[in-house]
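Here it is, the structure in full.
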Amino acid sequence: MLVLVVDSSTPAVTAALAEVTAAGVALRAQRRSVDARAHGELLAPAVGEVLAEAGARPTDLAAIVAGLGPGPFTGLRVGLVTAASMGQVLGVPTYGVCSLDALGLAATRDLDVTAARDGAPGGPVLVATDARRREVYWAVYAAGQRVTEPAVDAPAVVAARAAALAVGAAVGEGAERYADVLGLPVRSEPRFPPAEELVTLAAERVLRGAPGEPLTPLYLRRPDAVEPTTRKPVLR
């Protein structure tokens, strides 16, 4: 089953084509460009490129998987609108995955492998992406499972929570940016949500043909633009 994967929850604009079988997930093609100001310009061409590289057509797709964030509004909605529109036009189901979960799955798997090799126990990992405004989107993971709900906070607040949870390492662009405040060793990879883990987290739904889901974004913030509570006079 061919599955298109898109994510625009971070400055990385990701499109990938994956083959999902009962034996696992295999990426057939992938494109990633890092540009926080060009999500809209980069995603559609990337989708076309991965389909062309794999010799596939849009009508060959069995499903579409999209990263739900959390992420800044403008960039995040590009991926979700693209996925929802394609799913509707092609008549294929769309499945959402928390983008932090993809980072958490990749990070804890790598750390657990390293710990097993070194004979040491694996520990909780902080995943943090840049939320701008001197804040991060974050969650803590252990053994591939999320142990805190996704949140947006100042790095100092996250540092205190991470210490209370005995977190031993951090990953993500947000963790790199605020490493001095978090006070944790930061692994260089993964920095952005990996396509393979995004589709892995949706693979069970894909294989059993689960009904498509509304792609509800995880903004975690109220929008800056709000409806006025009072009427302003137009004549003065």
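The values are calculated or read from the model by the stated rules, or taken from the named source; none is laboratory data. A quick note: this is a predicted structure, and the numbers were derived from the prediction, not measured. Glycine gets a Cβ as well: all are built from the backbone with ideal geometry, and neighbour counts include every protein chain shown. What goes into the accessible areas is simple: the full protein's heavy atoms, side chains included, and nothing from ligands, DNA or RNA. Shrake-Rupley method; radii C 1.70, N 1.55, O 1.52, S 1.80 Å.
Being assigned to a strand (DSSP E or B), out of contact with any Leu (no Cβ under 9 Å at 6 or more places or on another chain) and buried (at least 20 other Cβ atoms within 10 Å of the Cβ) is the filter here; which residues of the range 5-55 pass it?
Residues of the range 5-55 that are assigned to a strand (DSSP E or B), as a first pass: 5-7, 12-21, 24-34.
Okay, now just the ones that are also out of contact with any Leu (no Cβ under 9 Å at 6 or more places or on another chain), so 12, 24-26, 32, 34.
Ala12, Val25, listed by residue number.
Here are some residues: Ala143, Ala179, Ala166. Which one is surrounded by fewer than 20 Cβ atoms within 10 Å (Cβ to Cβ) and under 17 Å from Cys98 (Cβ atoms)?
Working: Ala179 fails: under 17 Å from Cys98 (Cβ atoms); Ala166 fails: under 17 Å from Cys98 (Cβ atoms).
Checking each option against the conditions leaves just Ala143.
What do you reckon, is Leu218 assigned to a loop (DSSP other than H, G, I, E, B), surrounded by 15 or more Cβ atoms within 10 Å (Cβ to Cβ) and over 14 Å from the mean Cα position of the chain (by Cα)?
Working: assigned to a loop (DSSP other than H, G, I, E, B): yes; surrounded by 15 or more Cβ atoms within 10 Å (Cβ to Cβ): yes; over 14 Å from the mean Cα position of the chain (by Cα): no.
No.
Does at least one position in the range 66-85 carry a residue that is without any contact (Cβ under 8 Å) to a residue 24 or more places away in the chain, in contact with a helix residue (DSSP H, G or I) (Cβ under 8 Å, 6 or more places away or on another chain), open to solvent by 40 Å² or more (accessible area, probe 1.4 Å) and not aromatic (Phe, Trp, Tyr)? Outline the logic, then answer.
Here is the first cut: in the range 66-85, the ones without any contact (Cβ under 8 Å) to a residue 24 or more places away in the chain are 81, 85.
Right, trim to in contact with a helix residue (DSSP H, G or I) (Cβ under 8 Å, 6 or more places away or on another chain) and you get none.
Checked the range 66-85: no residue is without any contact (Cβ under 8 Å) to a residue 24 or more places away in the chain, in contact with a helix residue (DSSP H, G or I) (Cβ under 8 Å, 6 or more places away or on another chain), open to solvent by 40 Å² or more (accessible area, probe 1.4 Å) and not aromatic (Phe, Trp, Tyr).
Within the range 109-161, take every residue that is assigned to a strand (DSSP E or B) and either modelled with pLDDT under 95 or polar (S, T, N, Q) (or both) and give me the one that is farthest from Ala179 (Cα to Cα). Can you show your working first?
Restricting attention to the range 109-161, the residues satisfying the condition of being assigned to a strand (DSSP E or B) are 125-132, 135-142, 145-146, 151-153.
Next, only the ones that are either modelled with pLDDT under 95 or polar (S, T, N, Q) (or both) stay: 129, 132, 142, 145.
Working: Thr129: 12, Arg132: 15, Ala142: 20, Gln145: 23 Å.
Filtering the range 109-161 for residues that are assigned to a strand (DSSP E or B) and either modelled with pLDDT under 95 or polar (S, T, N, Q) (or both), the one farthest from Ala179 (Cα to Cα) comes out as Gln145.
Is it the case that Leu105 is in contact with an Asp or Glu (Cβ under 7 Å, 6 or more places away or on another chain) and not in a strand (DSSP E or B)? Walk me through it before giving the result.
Numbers: in contact with an Asp or Glu (Cβ under 7 Å, 6 or more places away or on another chain): yes; not in a strand (DSSP E or B): yes.
Against the criterion (in contact with an Asp or Glu (Cβ under 7 Å, 6 or more places away or on another chain) and not in a strand (DSSP E or B)), Leu105 qualifies.
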